[in-house]
Amino acid sequence: MITAETPDGKKQDLFIVDYHFHIWNAAKENWLRADLAKGWINCFYDYTKALSPKEYVWDWDTYAYYGEEKALKDVFGDGHVDMAIFEPQTLNYFYHKGFSNVDAIGGYVTKWPDRLVMGSRWDPRDGEAGKALLEEQVKKFRIRPFQMRNVKLYTAEWKQENGGISRGWRLDSPEAFKFLEKNRELGINVQVAHKGPTVWPLDKDAFDIGDVDTAATSFPDMKFVVTHIGLPRLDDFCWVATQDKNIYAGMAVAMAFVHTRPRYFAEMMANLLYWLGPDRILFSADYALWHPKWVIEDFLNFELPEDLKKEYGVDLTMEIKKKILGENAAKVWGIDIEEQKKKHKNDELTKKLHLQPGTIRIGEAAKKGKPLAR
Amino acid sequence: MAEDAQAELKENVLRALSAVTDPELDEPITDLGFVKELTVSDDGRVSLDLVTSTFWCSPNFVYMMLEEARDVVSRLAGINEVRVHLDGHHDSERINKAINSGTSFADCYGAEANGNLAELNRMIRTRALRSRLHSMATALSKHGFSPEQLLDLSQQDVTSEGDSIVVTSPRGTFAISDLEDVRRVSRYLRFRERIKPSDGPLVVWDLDGNPPKRDGFRSALEEARLARANFSLNAELCRALLEARIGSNQLDPSKSRPQPQP
């Protein structure tokens, strides 16, 4: 648990929830289709290198598989995070045992049920077997009220089908709607939608979130988090989220702009605050793409530049940062922050990592960035 | 062919390529660093090596970009053959084969696609138009033009004179000389020129040349501002990714070296 102290001496206790966290395995032994498996992890590695401070870029082998111990130390020990939510991305077409596999996640969550939050996934092309598996996972892993409340829905997942390949699916298909009904029955009320470069049919825009819009309108009692705020279609995302109040901005990937590209980050935040307001924005460092330590510290030190405050009529105050960093996600997942704080005081992870309350002093010279030429 | 003529031909090819944009970023492929290698032989055969910022760029937009690159170069005088080669993309092999044999997107992807890319192209170009319109409106607002006053200007009221842009309006004549503002206005004008009718109002809202509604133009401009922010974010991310991608030895993990841990 950390406290942020501003130059005027004011202190804010923070409770940080990262909604999009991974322990992946992209080591060579796990490559099923080598070109694709390698292409996937190398692309992640480029994202990391493109936006991280240099000292946070690991060697390739560590990056491909870092494991539980390192993840716990980085995220909870050094990284200021209080709770992290798994969003499995299976990619069974690329990796033997999946890129991040639900069984492994179940194991981690069973060990650390007040720190790590289990999320599963489904794919409408899995049919009845997929629904049965989901039911089983709820029975097995709903070990806290907030566990097994979310699924990651990666619509660009490739799958072998009828001897050929299917390179994606849509969230507004009748098959997907049956899964959403199953989710409703099982109390899985958070749908974490994630778009990738392919979708069926390939002539359509793979990043169009029209299908999320349709699903969110049809299931108004459920919450839909759109990962990386719809990028590369931030415009689509904002229009849709303005209409559907059950759509949330998932900041995975987007957060990482804060360090090397603060002005771009500023424009993004100004737009999110203008179109969605402060209550539907969720923090993530997207570990291990980026290390939460620098992401959180930079974000706390970040201020919206005056020209954007004036142009958009919004501000990013410490209260709003606090919401984004944890309170908003806690509401979505039904996490009782005070209850968790009590549990964390002496839990196994606190003992294992010798966790202690810390203070981050917000600097006088916050990051802002100069206006862009464009 | 003399060496000079060959160099000139290569320059013409590069100039033609600088008019090809990545549709999702609305920036020239030559500025983005996507042109990896270009050779022009003395008998007018062009070989063009392209790279995208990631292994996973959407095949449909990549296809559009490659088709356009092939076509603008093919149309040049003195060019007899164009071979395009995309490297390091998950669908490189299939796309290269189709582009070089003149196969359409629909035929290239068969049952995986529901047709060609006209609709997708219109969607993304409409956003590019609006993004550029917002940039122009920003530049003109510095000279006191309100959004509504922009709607009263015609295409001929805004002209290029030397390094400046001159705006003739009922409020008077203004010269825009700030480099960035000139660039903002020029980018819009270049796009506007391709839209018919070319002698109509300065401000158009779609690719058919229709003007926006006067009521609600300010909120339309807010949408355009969002489109601009989106293009600019994506372009910046792609530049950063391409730099990370090219400046590394990651394609062979066995060559990776331990680095200091954070």
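Would you point out which residue out of B:R228, B:R194, B:R257, B:R245 is under 21 Å from B:R125 (Cβ atoms) and modelled with pLDDT under 95?
Of the residues listed, the single one that is under 21 Å from B:R125 (Cβ atoms) and modelled with pLDDT under 95 is B:R194.
Taken together, the residues in the stretch A:62-94 that are touching a Lys or Arg at 6+ places or on another chain (Cβ under 9 Å), among the aromatic types (F, W, Y) and surrounded by 21 or more Cβ atoms within 10 Å (Cβ to Cβ) amount to 3. Give the residues of the stretch B:135-161 that are assigned to a loop (DSSP other than H, G, I, E, B), in contact (Cβ under 8 Å) with a residue 24 or more places away in the chain and either on the phi > 0 side of the Ramachandran plot or out of contact with any strand residue (DSSP E or B) (no Cβ under 9 Å at 6 or more places or on another chain) (or both), sorted by residue number. Result: B:G144, single match.
Residue-wise test of (1) more than 21 Å from A:R233 (Cα to Cα); (2) polar (S, T, N, Q); (3) outside the structural domain of B:S186 (by TED's automatic domain parsing).
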site: B:D71; (1), (2), (3): yes, no, yes
site: B:E81; (1), (2), (3): yes, no, yes
site: B:D91; (1), (2), (3): yes, no, yes
site: B:K97; (1), (2), (3): yes, no, yes
site: B:C108; (1), (2), (3): yes, no, yes
site: B:R132; (1), (2), (3): no, no, no
site: B:A137; (1), (2), (3): yes, no, no
site: B:L140; (1), (2), (3): yes, no, no
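Taken over the stretch A:184-198, the criterion of being surrounded by fewer than 22 Cβ atoms within 10 Å (Cβ to Cβ) and away from every other protein chain (no Cβ under 14 Å) is satisfied by A:R184, A:E185, A:L186, A:G187, A:N189.
Just to be sure before I move on: is A:L134 at pLDDT 95 or above and either at negative phi or part of a helix (DSSP H, G or I) (or both) in the structure I sent? Yes; evaluated as a whole, the condition is true for this residue.
Candidates A:W290, A:W294: the one that is surrounded by fewer than 21 Cβ atoms within 10 Å (Cβ to Cβ) and closer than 22 Å to A:T62 by Cβ is A:W294. When residues in the stretch B:97-127 are screened for being more than 8 Å from chain A (Cβ to nearest Cβ) and in contact with a helix residue (DSSP H, G or I) (Cβ under 7 Å, 6 or more places away or on another chain), 4 of them pass.
For the stretch B:68-79, taking the residues that are of a type in the set (D, E, K, R) and within 30 Å of A:L36 (Cβ to Cβ), the one that is farthest from the other protein chains (Cβ to nearest Cβ) is identified as B:R70.
Scan the stretch B:46-103 for residues that are polar (S, T, N, Q), outside any strand (DSSP E or B) and within 19 Å of B:E8 (Cα to Cα) and the total you get is 2. Checked against (1) of a type in the set (A, V, I, L, M, F, W, C); (2) over 24 Å from A:A104 (Cα atoms); (3) crowded, with 23+ Cβ neighbours inside 10 Å, A:A26 passes all but a single condition, namely (2). Starting from the stretch A:262-280, keep only residues that are without any contact (Cβ under 8 Å) to a residue 40 or more places away in the chain, then list their pairs with residues that are assigned to a helix (DSSP H, G or I) and not hydrophobic (A, V, I, L, M, F, W, C) whose Cβ atoms are within a distance under 6 Å, requiring at least 6 positions of separation or different chains. Correct list of pairs: A:W275/A:T242. Against the test of being surrounded by 16 or more Cβ atoms within 10 Å (Cβ to Cβ) and among the charged types (D, E, K, R), the options B:R171, B:R194, B:R184, B:R190 yield a single qualifying residue, B:R184. If the condition is being β-branched (V, I, T) and in contact with a helix residue (DSSP H, G or I) (Cβ under 6 Å, 6 or more places away or on another chain), then the stretch A:274-317 contributes A:I281, A:V295, A:V314.
Considering only the stretch A:242-255, I want to know if a residue exists there that is β-branched (V, I, T) and in a helix (DSSP H, G or I). Within the stretch A:242-255 (the criterion being β-branched (V, I, T) and in a helix (DSSP H, G or I)), the answer is yes, since at least one residue qualifies. Modelled with pLDDT of 95 or more, hydroxyl-bearing (S, T, Y) and under 24 Å from the mean Cα position of the chain (by Cα): does that describe B:S154? Taking the combined requirement at face value, the residue does not satisfy it.
Going by the structure shown, is B:V82 surrounded by 21 or more Cβ atoms within 10 Å (Cβ to Cβ), in contact with a helix residue (DSSP H, G or I) (Cβ under 6 Å, 6 or more places away or on another chain) and away from chain A (no Cβ under 14 Å)? In short, yes. Assessment of the stretch A:207-218 against the conditions (at the interface with chain B (Cβ under 9 Å from one of its Cβ atoms) and either farther than 26 Å from A:F141 by Cα or of a type in the set (S, T, Y) (or both)) yields at least one matching residue. Working carefully through the options B:R122, B:R132, B:R127, find the one that is surrounded by fewer than 15 Cβ atoms within 10 Å (Cβ to Cβ), in contact (Cβ under 8 Å) with a residue 12 or more places away in the chain, in a helix (DSSP H, G or I) and not hydroxyl-bearing (S, T, Y). Exactly one of B:R122, B:R132, B:R127 is surrounded by fewer than 15 Cβ atoms within 10 Å (Cβ to Cβ), in contact (Cβ under 8 Å) with a residue 12 or more places away in the chain, in a helix (DSSP H, G or I) and not hydroxyl-bearing (S, T, Y), namely B:R122. Among the residues of the stretch A:221-263, the ones that are over 17 Å from the mean Cα position of the chain (by Cα), more than 12 Å from chain B (Cβ to nearest Cβ) and of a type in the set (D, E, K, R) come to 3 in all.
Does any residue of the stretch A:96-106 turn out to be within 11 Å of chain B (Cβ to nearest Cβ), free of Cβ contacts under 8 Å to residues at least 12 places away in the same chain and surrounded by fewer than 22 Cβ atoms within 10 Å (Cβ to Cβ)?
Within the stretch A:96-106, not a single residue is within 11 Å of chain B (Cβ to nearest Cβ), free of Cβ contacts under 8 Å to residues at least 12 places away in the same chain and surrounded by fewer than 22 Cβ atoms within 10 Å (Cβ to Cβ).
For the stretch A:241-249, does any single residue satisfy the condition of being farther than 13 Å from A:L51 by Cβ and of a type in the set (K, R)? Within the stretch A:241-249 (the criterion being farther than 13 Å from A:L51 by Cβ and of a type in the set (K, R)), the answer is yes, since at least one residue qualifies.
Considering each residue of the stretch B:15-51, count those that are loosely packed, with under 14 Cβ neighbours inside 10 Å, over 17 Å from B:E67 (Cβ atoms) and either within 14 Å of chain A (Cβ to nearest Cβ) or not polar (S, T, N, Q) (or both), and give that number. The number of residues fulfilling the criteria is 5. Cβ-Cβ contacts under 9 Å between residues 6 or more apart (or on different chains), taken from a first residue in the stretch B:70-92 that is on the phi > 0 side of the Ramachandran plot to a second residue that is assigned to a loop (DSSP other than H, G, I, E, B) and among the hydrophobic types (A, V, I, L, M, F, W, C), are listed as B:G78/B:M1; B:G88/B:F55; B:G88/B:L251.
Per the listing B:A77, B:A111, the residue uniquely more than 24 Å from the chain's Cα centre (by Cα), exposed (fewer than 14 other Cβ atoms within 10 Å of the Cβ) and either within 25 Å of B:L25 (Cβ to Cβ) or of a type outside the set (D, E) (or both) is B:A111.
The values are calculated or read from the model by the stated rules, or taken from the named source; none is laboratory data. Only a predicted model underlies this, so the values are computations on that prediction, with no experimental measurement involved. Reconstructed Cβ throughout: ideal geometry from the backbone, glycine too, with neighbour counts over all protein chains shown.
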